[in-house]
Amino acid sequence: MKKLLASTALVLALSVPALAQDYTPDPAAKQGGEITVTYHDDVATLDPAIGYDWQNWSMIKSLFDGLMDYVPGTTTLRPGLAESYDVSKDGMTFTFHLRAGVKFTNGRAMTADDVKYSLDRVTLPATQSPGAGFFSSIKGYDKMADGSATNLEGVKVVDPLTVEITLNRPDATFLQVMALNFSYIVAKEAVEASGADFGKHPVGTGAFKLTDWTLGQQLVFERNADYWRAGEPYLDKITFQVGQEPVVALLRLQKGEIDIAGDGIPPAKFTEVMADPAQKALVVSQASLQTGYITMNLNVAPFDKLEVREAINMAINKDRITQIINGRATPTGQVLPPGMPGYDPDFKGFAYDPAAAKALLAKAGFADGFETQLFVYNTDPNPRIAQAIQQDLANIGVKAAIQSLAQANVIQAGGEPTSAPMIWSGGMAWAADFPDPSDFFGPILSCQAADPGGWNWAHYCNKDLDAAATAADAMTDPAQTADRMKAWSAIMGKVMADAPWVPVFNETRYTMHSPRLGGASALYADPVATPVNFDYIYVKP
Amino acid sequence: MASYLLRRLIQSALILLGVAFITFFLLYVLPADPVRQIAGRSASPETVANIRRELGLDQPFIAQFLRYLGGLLHGDFGRSYLQKTQVAELIASRLPATLLLMAAGITCELALGLTMGIAAALTKGRFTDQILMMTSFVTVSAPQFVVSLLLLYVFAVQLSWFPVGGYGTFRHLVLPAVTLGILGSGWYARMMRSSMIEVMAADFIRTARAKGLTRARVVLRHALPNAILPVIAMIGIDIGVFMGGVVVVESVFAWPGIGQLAWQAIQRIDIPIIMAVTLVSAVAIVIGNLLADFIIPFIDPRIKIR
């Protein structure tokens, strides 16, 4: 799923001038050229209100724009369709000044009415948007969610180029939400014309437009000649071929038939590719802001005992698990990934010490260990990682039976109060939706997320930390940003004192591209537009 | 004849209803919630509840099933949960490629399988027979993924005789069809061999030989039509298998068939697609068997339809 990187401190100046610190264009970049990208699965939808998988995330970014945007290859916010914005003193009202002369790909000029329409649409239950909840801090959201209103009270059109958004609580992450795909601006008449098929006939203001979609075979993006960012994008055309096995895609890439293997380098081929200097030179790697962890369900004995959870934390050999995946990760001892604001480089967490773990377990009354179950998503390398965890646990006398299941079944079991004693999160959780530490707490470690069907698989609930999190997110004044991040570091430190997880590693992402493609490495491992920022890469002249 | 047809059609409708009910029920009791899959990781509880209500998944099982059947009677397979596209449109877009690969695949299976089977039967117990039967055993047990990749690597990547996957021209069709031919030929070879051996021992073959007919004429004109009956019944079943999709071969050769659609839908618990593919496949098996039943009397006059 989405892997959005940590931002630098939120730049929340009271009125942001247009493009103060923007992207410096690559001097070698030239417009023109066509590229081919392959994927195994067909693309689900290109509707920004619906699309929520790692494959369509970056494609939607190239077709649509939001009020806010990120500097390419970074997590720094920059203005998008809004040229600038003002924030009221209490941080509760944002006034966005739209750029003049922006056109949808159907030729019509984009106005403030479209912004209101798009935000109303994404929060309307009938739209079935998975991202509706991100807008819960906008005034009137609750009435949209329960069906008693059909438009957001907090979103007002002031004039054709001005939109005013009022919040119901201070929300330090609001501008990040305005840069999420779910808040992208759609053309009302196109949505009404296509109805539920809008995801197949998208109309936005983006750098590209969809010109062909042959179901199960290919999609073609062509450059939007009227794009409002002058000189962008660089490519004339991108063909996305679907239905291609990753191993075959790699063979085709090596043969020069395609430019980017969208599904990455298959694990079985990784060592071979990296051993060849010529191929290795085409691989871009970037630490992704993701954490892989083991949850221990506090509702299930003996994980209700802190000593037991601490002992398990000391029992896991994270270096060995990292070796199992060819070193495509860095071991970690805390919740937040490095680079995410709030990450504490001095926090070491529990060290690997099986002897101490065994002693602690004995102290907790489990000198002979105990039996439990470890749930895991059944695709490689997760079952192999689970076996390593199983061995580590056996070393301290804990017998864990592995339940290797389809992704949906593991997620289901994790959401139930007592079904899954332990879960290895690989392939399912957790990578941030936007670069802010609150996204690593609310959905996976808060009391609310421990409700049935939530993603707090440890069913960990610490009311003091919930209150601290709410207080941290109310610090909307830019001058408080450093304090806010300190508050988040403290919250995450206290989480690890309760040890509901064993944080295991942070994955590194690898993308391989053909030698004829140019552009900074960061564009091929873009923290926001996974996996590739298609608007800024180019074909070498 | 008319009453037989009517009886078979009613039987077929009941079979399809049964298949629909069982599949729907299994998907209903599955310990995985499609709404969670649609809603993704960050959806709030009220978003999940709203999506569940919009899709009618908060209704009791029988109500959901009857609504689905009602849709089917109007030719409406529903919309995919995740792609939001009409399922009928998704299936229709995959149908040409599926039918083409089915026809080419079965042709290759028969060409290889029947040749091997007949040759083995005629050399029963001798070296050729043993080699052929061992080969058929290997093809039946060979993993699809390995055979597909091997052929792709040798003939497309190394020799560049064929494109590395894709769909559209005859050259794209050759490798996947040959792969399916190799993989499926073993079944036909073994069936053809045993059937042929049985027929070759029959009295009328001895008579034909005694008349002094050439060996070729005995085999092709007298033995083959009698030995081929079980093979025709098997083709009927094979059609159903192909319509359900040949996931691995389609995947390796990037062939846009139904199998890829089904595989993706199963991964995402996209119930409307899973239901539709299952039903299409069941319909194909039923039609394939019906056709086989109707063709057999033309080949073997001893069998009559009543």
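Just one of B:Ile15, B:Ile62 is in contact (Cβ under 8 Å) with a residue 24 or more places away in the chain, assigned to a helix (DSSP H, G or I) and either of a type in the set (A, V, I, L, M, F, W, C) or within 24 Å of A:Ile50 (Cα to Cα) (or both); which is it?
Details: B:Ile62 fails: in contact (Cβ under 8 Å) with a residue 24 or more places away in the chain.
After applying the criteria, what remains is B:Ile15.
Please work out which residue is surrounded by the fewest Cβ atoms within 10 Å (Cβ to Cβ), limiting yourself to the stretch A:61-90 and to residues that are in a loop (DSSP other than H, G, I, E, B) and among the aliphatic types (A, V, I, L, M). Show your work before the answer.
If we filter the stretch A:61-90 for residues that are in a loop (DSSP other than H, G, I, E, B), which is where we start, we get A:64-67, A:71-76, A:80-81, A:88-90.
Right, trim to among the aliphatic types (A, V, I, L, M) and you get A:67, A:71, A:81.
Numbers: A:Leu67: 27, A:Val71: 18, A:Leu81: 23.
The selected residue is A:Val71.
Across the stretch A:417-438, which residue is surrounded by the fewest Cβ atoms within 10 Å (Cβ to Cβ) among those that are at pLDDT below 90 and within 12 Å of chain B (Cβ to nearest Cβ)?
Ranking the candidates gives A:Gly427 first.
So which residues in the stretch A:249-280 are closer than 17 Å to A:Ala522 by Cα and either of a type in the set (Phe, Trp, Tyr) or free of Cβ contacts under 8 Å to residues at least 60 places away in the same chain (or both)? Talk me through it step by step, then tell me what you get.
Residues of the stretch A:249-280 that are closer than 17 Å to A:Ala522 by Cα, as a first pass: A:259-262, A:264, A:280.
Correct list: A:Lys280 only.
Is it the case that the stretch A:498-521 has a residue that's assigned to a helix (DSSP H, G or I), among the hydrophobic types (A, V, I, L, M, F, W, C) and either in contact with a strand residue (DSSP E or B) (Cβ under 7 Å, 6 or more places away or on another chain) or closer than 30 Å to A:Val300 by Cα (or both)?
Step one: list which residues in the stretch A:498-521 are assigned to a helix (DSSP H, G or I), which gives A:498, A:521.
Next, only the ones that are among the hydrophobic types (A, V, I, L, M, F, W, C) stay: none.
Taking every residue of the stretch A:498-521 in turn, none turns out to be assigned to a helix (DSSP H, G or I), among the hydrophobic types (A, V, I, L, M, F, W, C) and either in contact with a strand residue (DSSP E or B) (Cβ under 7 Å, 6 or more places away or on another chain) or closer than 30 Å to A:Val300 by Cα (or both).
Can you tell me which residue among B:Ala156, B:Ala177 is small (Gly, Ala, Ser), crowded, with 21+ Cβ neighbours inside 10 Å and within 12 Å of chain A (Cβ to nearest Cβ)?
Values: B:Ala177 fails: within 12 Å of chain A (Cβ to nearest Cβ).
Criteria check complete, one pass: B:Ala156.
Can you report the number of residues in the stretch A:453-482 which are hydroxyl-bearing (Ser, Thr, Tyr) and either within 14 Å of another protein chain (Cβ to nearest Cβ) or more than 15 Å from A:Phe441 (Cα to Cα) (or both)? Explain how you work it out, then say what you get.
Our first condition is that a residue be hydroxyl-bearing (Ser, Thr, Tyr); within the stretch A:453-482, this holds for A:460, A:470, A:476, A:481.
Checking which are either within 14 Å of another protein chain (Cβ to nearest Cβ) or more than 15 Å from A:Phe441 (Cα to Cα) (or both) leaves us with A:476, A:481.
Matching residues across the stretch A:453-482 total 2.
Which pairs have Cβ atoms under 6 Å, sit 6 or more apart or on different chains, and link a residue in the stretch B:39-54 that is more than 7 Å from chain A (Cβ to nearest Cβ) to one that is crowded, with 18+ Cβ neighbours inside 10 Å and among the β-branched types (Val, Ile, Thr)?
Partner pairs satisfying both residue conditions: B:Arg52/B:Val35.
Hey, among B:Ser148, B:Ser160, which residue is polar (S, T, N, Q) and in a loop (DSSP other than H, G, I, E, B)?
Exactly one of B:Ser148, B:Ser160 is polar (S, T, N, Q) and in a loop (DSSP other than H, G, I, E, B), namely B:Ser160.
Considering only residues that are within 13 Å of chain B (Cβ to nearest Cβ), assigned to a strand (DSSP E or B) and not β-branched (Val, Ile, Thr), which ones fall in the stretch A:215-264?
Listed by number, the residues that qualify are A:Gln218, A:Leu219, A:Phe240, A:Gln241, A:Ala261.
Taking the stretch B:236-257 as the region of interest, how many residues are of a type in the set (A, V, I, L, M, F, W, C), more than 9 Å from chain A (Cβ to nearest Cβ), within 22 Å of A:Gln218 (Cα to Cα) and in contact with a Gly (Cβ under 7 Å, 6 or more places away or on another chain)?
Total meeting the criteria: 2.
Scan the stretch A:466-481 residue by residue and report those that are acidic (Asp, Glu) and either modelled with pLDDT of 90 or more or under 24 Å from the mean Cα position of the chain (by Cα) (or both).
Quick first cut of the stretch A:466-481, residues acidic (Asp, Glu) only: A:466, A:473, A:477.
A:Asp466, A:Asp473 - these are the residues of the stretch A:466-481 that are acidic (Asp, Glu) and either modelled with pLDDT of 90 or more or under 24 Å from the mean Cα position of the chain (by Cα) (or both).
So for the stretch B:80-87 (the condition being without any contact (Cβ under 8 Å) to a residue 40 or more places away in the chain, within 12 Å of chain A (Cβ to nearest Cβ), of a type in the set (S, T, N, Q) and not in a helix (DSSP H, G or I)), does at least one residue qualify? Write out each step before concluding.
Taking the stretch B:80-87 as the starting set, the residues that turn out to be without any contact (Cβ under 8 Å) to a residue 40 or more places away in the chain are B:84-86.
Still in the running and within 12 Å of chain A (Cβ to nearest Cβ): B:84-86.
Filter once more, keeping what is of a type in the set (S, T, N, Q): B:85-86.
Next, from what is left, pick out any that are not in a helix (DSSP H, G or I): B:85-86.
There is at least one residue in the stretch B:80-87 that is without any contact (Cβ under 8 Å) to a residue 40 or more places away in the chain, within 12 Å of chain A (Cβ to nearest Cβ), of a type in the set (S, T, N, Q) and not in a helix (DSSP H, G or I).
What about B:Leu69, is it touching a residue at least 24 places away in the same chain (Cβ under 8 Å), assigned to a loop (DSSP other than H, G, I, E, B) and among the aliphatic types (A, V, I, L, M)?
Criteria not met by B:Leu69.
The values are calculated or read from the model by the stated rules, or taken from the named source; none is laboratory data. What you see is a predicted model; the values in this text were computed from it and never measured. Here the Cβ is made from the backbone with ideal geometry for all residues, glycine too, and neighbour counts use every protein chain on show.
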